[in-house]
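Read the structure below first, then the notes.
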Amino acid sequence: MATDVKSLTREELELQFKDWGQPAYRVTQLLEWLYVRHATDWDAMTNLPKNLRDQLRGHFSLQNLELVRKQGSHDTTQKFLWKLADGQYIESVLIPANPALYGEASDRHTLCISTQVGCAYGCKFCASGLDGWKRNLLPNEIVEQILAAERTAAKPQTPDAKPPPRLVDNIVVMGMGEPLANYDHLLKALKILNAPWGGGIGARKITVSTSGLVPQIRKLADEPLQFRLAISLHGATDEVRNRIMPVNKKYPLKELAAACQDYQGKKGRMITFEYILIAGVNDSIEQTKPLAALAKKLFAKVNLIPYNKVEGLPWERPSEDVCEKFLAALQKQKVTATLRREKGHDIDAACGQLRLKTEREAA
Ligand code: SAH
Ligand code: SF4
């Protein structure tokens, strides 16, 4: 299959265009069609000569994600289910201004994106891993989630109007899949989304979440781009983590903490711990002690997320009172912590749930 044009960097396109004897400004025009004007087919690129368009069509694919299902909640969080070229499904979630969590107060929209179809890591509470891992997403399939969400959510434009600024200015890589297990494609996609000629989204507005892949965290620490890092901790002792996250057997807490320290030291920025509160598993006040100790050691902020019930799994969300008390106990120990008073709870917002539902209905 041909490489998709949205998997390529500016430099790669320039080399190809040079080969074709095309001037460099044609690349600029092409990139503007792709990343500013959201063009979905070659013939829309009216300022490119017809022979160049034919050459592009013959050489690259230009894939668009197909929207198959959309859910919106009362607080206007929207969840999209996309169909890929090979018929697989993935999800993205669009969350309006959510300043307290991952970005600064100027947030417009955060998009939560997927990096794999399914997930191989099999965390016991998660819908994404229930049917195992199918495949890695290609760079263009990661990039396209932002463009497709913008096309779907944006107000209709007149053809000649000046394109509006990006709707999505914050990305969290917390959808389906383990991003660091698809490292090369993820990095390429994030470079394209970050580049001024591409998405133009600042690296500090991009958060990568991982269940704790130690070698890749260390690798990411050595990348020049300053992405934010979130660790899906969900337990502050090996005992709790081993019970719900198989990855902890391979990379126990001590090794994970050392890799986080390395990241923190090299980047000089705050790490976030994601901590889902699951009734009777990790929500006792006792657990706040090791959690606070770890957070303080790593200068990490803690995001508490009440568990979203997944059909067919035995885990339950604790009561609001338990969640509030857990938060208060952390704060008393001088940890920076927030409690997500859930957005999108009513639309299966946790990763993988909409895909699972759709596939089970179809079966
Ligand atoms: N694989 C990566 C990124 C995707 S998961 C990771 O695990 O970090 C994104 C986040 O959603 C993770 O923190 C994950 O633990 C959490 N999550 C998964 N299922 C959930 C559920 N049912 N309720 C709440 N959060 C959930
Ligand atoms: Fe995979 Fe993350 Fe879900 Fe674990 S929580 S199964 S790593 S997507």
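The values are calculated or read from the model by the stated rules, or taken from the named source; none is laboratory data. Predicted model, so just to flag it, every value in this text is computed and none were measured. Quick reminder, even Gly has a Cβ in these numbers, built from the backbone with ideal geometry, and neighbours come from all protein chains shown. We work out accessible area using only protein heavy atoms, side chains counted, and drop any ligands, DNA or RNA first. Shrake-Rupley method; radii C 1.70, N 1.55, O 1.52, S 1.80 Å.
Please compute the modelled spin-label separation between residue 57 and residue 338, points set 7 Å along Cα→Cβ, answer in nm with one decimal.
Simple spin-label model gives 4.7 nm for this pair.
Say we join alpha carbon atoms closer than 10 Å with springs in a Gaussian network model of the chain; which of 327, 56, 193 then has the biggest fluctuation?
It is 56.
Just to be sure I follow: if Rg is taken over the C-alpha atoms of segment 247-305 and Rh is the Kirkwood radius over the same atoms, what is Rg/Rh? It would help to have the intermediate numbers written out before the result.
Values: Rg = 12.2 Å, Rh = 12.4 Å.
Expressed as Rg/Rh, it is 0.98.
How much length, in nm to one decimal, is gained on full extension between residue 41 and residue 76, taken as 0.36 nm per residue of separation minus their Cα-Cα distance? Walk me through the intermediate numbers first.
Numbers: separation 35, 0.36 × 35 = 12.60 nm, distance 2.95 nm.
Once the chain is fully extended between residue 41 and residue 76, it gains 9.7 nm.
What residue among 154, 300, 259 shows peak mean-square fluctuation when the chain is described by a Gaussian network model with Cα springs under 10 Å?
Top of the fluctuation ranking is 154.
I'd like the antiparallel share, as a percent to the nearest 5, of DSSP beta bridges with both residues in segment 66-362. Mind showing how you got there, number by number?
Working: 19 of 41 bridges.
In segment 66-362, DSSP labels about 45 percent of beta bridges as antiparallel.
Could you pull out which residues in segment 286-308 have an amide N less than 17 Å from a spot 7 Å beyond the Cα of residue 331, following the Cα-Cβ vector?
Taking a point 7 Å out along Cα→Cβ of residue 331, the residues of segment 286-308 whose backbone N falls under 17 Å are 288-289, 292, 301-306.
Using only alpha carbon positions, build the gyration tensor of segment 161-214, then give the equivalent ellipsoid semi-axes as the square roots of 5 times its eigenvalues, largest first, whole angstrom.
Details: eigenvalues 119, 26, 16 Å².
Three semi-axes, in Å: 24, 11, 9.
Provide the descending list of Cα extents for the chain along its principal axes, expressed in whole angstroms.
Extents along the principal axes: 68, 45, 36 Å.
With labels modelled as points extended 7 Å from the Cα through the Cβ direction, what inter-label distance (nm, one decimal) is found for residue 313 paired with residue 120?
2.0
How many angstrom lie between the Cα centre of segment 27-61 and the Cα centre of segment 277-345?
So the separation of the two Cα centres works out to 48 Å.
Rounded to whole Hz and in sequence order, give me ³J(HN,Hα) for segment 323-336 from the Karplus expression 6.51 cos²θ - 1.76 cosθ + 1.60, θ = phi - 60°, writing x for Gly and Pro.
Karplus-based 3J(HN,Hα) across segment 323-336 equals 4, 5, 5, 5, 4, 4, 5, 5, 5, 5, 8, 6, 9, 6 Hz.
Could you give the C-alpha radius of gyration of segment 5-59 expressed as a fraction of 2.2 N^0.38 Å, taking N as the number of residues it contains? Provide the component values of the computation, followed by the final result.
On the way: Rg = 10.2 Å, N = 55, 2.2 N^0.38 = 10.1 Å.
Ratio of Cα Rg to 2.2 N^0.38 Å: 1.01.
Less than 12 Å Cβ to Cβ from residue 318, Lys/Arg counted +1 and Asp/Glu -1: what total charge do the surrounding residues give?
Within the 12 Å Cβ shell, the charges total -2.
Under a GNM of the chain (C-alpha, springs under 10 Å), which listed residue has the highest mean-square fluctuation: 274, 178, 320?
Of 274, 178, 320, the Gaussian network model singles out 320 as fluctuating most.
May I ask you to compute the full-extension gain from residue 289 to residue 270, defined as 0.36 nm times their residue separation minus their alpha-carbon distance, rounded to one decimal in nm? Each step should come with its number before you reach the end.
Values: separation 19, 0.36 × 19 = 6.84 nm, distance 2.00 nm.
This chain segment gains 4.8 nm when fully extended.
Quick one: length gained pulling residue 67 to residue 320 fully straight, 0.36 nm per residue minus the C-alpha distance? Intermediate values should be presented prior to the final figure.
On the way: separation 253, 0.36 × 253 = 91.08 nm, distance 3.47 nm.
Net length gain for the segment: 87.6 nm.
So what J values fall out for segment 245-252 if you push phi through Karplus, 6.51 cos²θ - 1.76 cosθ + 1.60 with θ = phi - 60°, rounded to Hz, Gly and Pro as x?
3J(HN,Hα) across segment 245-252, in whole Hz: 10, x, 4, 5, 6, 7, 10, x.
What do the square roots of 5 times the Cα gyration tensor eigenvalues come to for segment 112-212, in whole Å, largest first, as semi-axes of the equivalent ellipsoid? Intermediate results must be reported in sequence, preceding the final value.
Values: eigenvalues 154, 42, 25 Å².
Ellipsoid half-lengths, sorted descending, are 28, 15, 11 Å.
At 1.4 Å probe size, what's the solvent-accessible area of residue 205? Round to the nearest 10 Å².
40
For the pair residue 97 and residue 19, how long in nm is the line joining their label points, each one 7 Å along Cα→Cβ?
4.7
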